[in-house]
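Participant: Would you mind keeping the following structure in view while I ask a few things?
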Amino acid sequence: MAKISNNIYSIDGLEILFPGHGVIPYLVEEGHNDLTLIDTCYIKELPKLESYLKSISYRMSDIKRIILTHAHADHVQAANEVKKRTYVSSSVGAKIYSHWIDSAYLAHDPPYHGPPNIRIYKELLDKYNLKIEDVIKKFGKLDVDPITVDEKLKDGDKIKSLKVIHTPGHTPGHISLYLEDQRTLFGADVLWNMSNSGGLGILPSYFTLDQVTAVVSVTRISQLYFDILLLGHQDNPILENAQNKVEMAAKDMIRKLKQTKE
């Protein structure tokens, strides 16, 4: 757990299938015992998330809303269980939010057939010399049970202090969340920031449905005003001058796309 600002925490150390990589959910304090959780994790990693909450004197029941940025398993698999653990006596529990497009995929109506899929998982696990049965033993199943979204979002909606920015490409209903007064952008998987891969970039095609649309989304967020960029997969958060770095990355991506077409 890392404190990013007075009311923002990153939940670090949650593993995904591939060694050396993880997923980072975020907590935003909206008031006393009033938390927004941005994304979840694999169910097997949930005890870590719960332990991190306790380390800052919160309980699962303090989570009032769960915003799912997109439908991929590493971000959403634990959502139903998190919601279940937020119930207290007659309390209705946390509400689950998602963009209206990905909310259909979360409900399996229709099923999502974009990347990644089992074939891609197997290919990537072979690359890491991992057996899929060992990964399943560690993380449980790789797919996601149907998730009912309580509130379906569209571009421009507000959830407490957070503004929804539709950033498709990685998935059709991928969203980023903009905390304008704190000049902070929660980008989820619109980009990743990995030093061993050259810094800011789009996740590769075996994770991203439409890379050209993803570049358009990066270009869009580069026009927002933000200093801090918090991503779902990163070596480190970008805590200053983030907009300029994203704008430079967007221009580089567009240049590469033009070269590809020539």
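Participant: Give the Rg/Rh ratio for the stretch 82-169, taking Rg as the radius of gyration of the Cα atoms and Rh as the Kirkwood radius, to two decimals.
Facilitator: Numbers: Rg = 16.9 Å, Rh = 15.8 Å.
For the stretch 82-169, the value is 1.07.
Participant: Right, next: Roughly how far apart, in whole Å, are the Cα centres of the stretch 199-262 and the stretch 155-188?
Facilitator: The stretch 199-262 and the stretch 155-188 have Cα centres separated by 14 Å.
Participant: Have a look at the DSSP beta bridges in the chain and tell me what percent are antiparallel, nearest 5. Intermediate values should be presented prior to the final figure.
Facilitator: Numbers: 26 of 42 bridges.
So the antiparallel bridges in the chain amount to around 60 percent.
Participant: Further question: About the Cα centre of the chain, how large is the charge dipole given +1 on each Lys and Arg Cβ and -1 on each Asp and Glu Cβ? Please answer in debye to the nearest 20.
Facilitator: Details: 31 positive and 33 negative charges, 25 e Å.
Here the size comes out at about 120 debye.
Participant: Distance from the Cα centre of the stretch 97-133 to that of the stretch 27-60, in angstrom?
Facilitator: 24 Å
Participant: Would you calculate a helix-derived [θ] at 222 nm for the chain, using -39,500 (n - 2.57) for each DSSP H run of n ≥ 4 and dividing by the full residue count, to the nearest 500? Show your work: numbers first, answer last.
Facilitator: Details: 8 runs with 77 residues, N = 262.
It comes out at -8500 deg cm²/dmol, rounded to the nearest 500.
Participant: What is the Rg over Rh value, at two decimals, for the stretch 178-260, using alpha-carbon atoms and the Kirkwood definition of Rh?
Facilitator: Values: Rg = 12.1 Å, Rh = 12.8 Å.
Using Cα coordinates only, the ratio equals 0.94.
Participant: If you don't mind, another one. How large is the direction-averaged shadow of the alpha-carbon convex hull of the stretch 1-97, in nm²?
Facilitator: 6.0 nm²
Participant: Follow-up. Which of these, 24, 228, 132, has the largest mean-square fluctuation under a Gaussian network model of the chain (Cα springs below 10 Å)?
Facilitator: 132
Participant: Among 116-126, 197-207, how do they line up from the highest to the lowest mean number of other beta-carbon atoms within 10 Å?
Facilitator: Details: 116-126: 13.8, 197-207: 15.7.
Top of the packing list down: 197-207, 116-126.
Participant: Another one. For the chain, what is the largest minus smallest coordinate of the Cα atoms on each principal axis, given in angstrom and ordered from greatest to least?
Facilitator: Dimensions of the chain along the principal axes of its Cα atoms: 63, 46, 33 Å.
Participant: Listed highest first by mean packing, meaning other Cβ atoms within 10 Å per residue, what order do 233-244, 77-88 come in?
Facilitator: Values: 233-244: 16.1, 77-88: 19.4.
Highest mean packing first, the order is 77-88, 233-244.
Every number here is computed from the coordinates shown, using simple stated rules; none is lab data. Note that the coordinates shown come from a computational prediction; the quantities given were computed from them, not determined experimentally. Ideal geometry is used to build each Cβ from the backbone, glycine not excepted, and the neighbour counts take in all protein chains shown.
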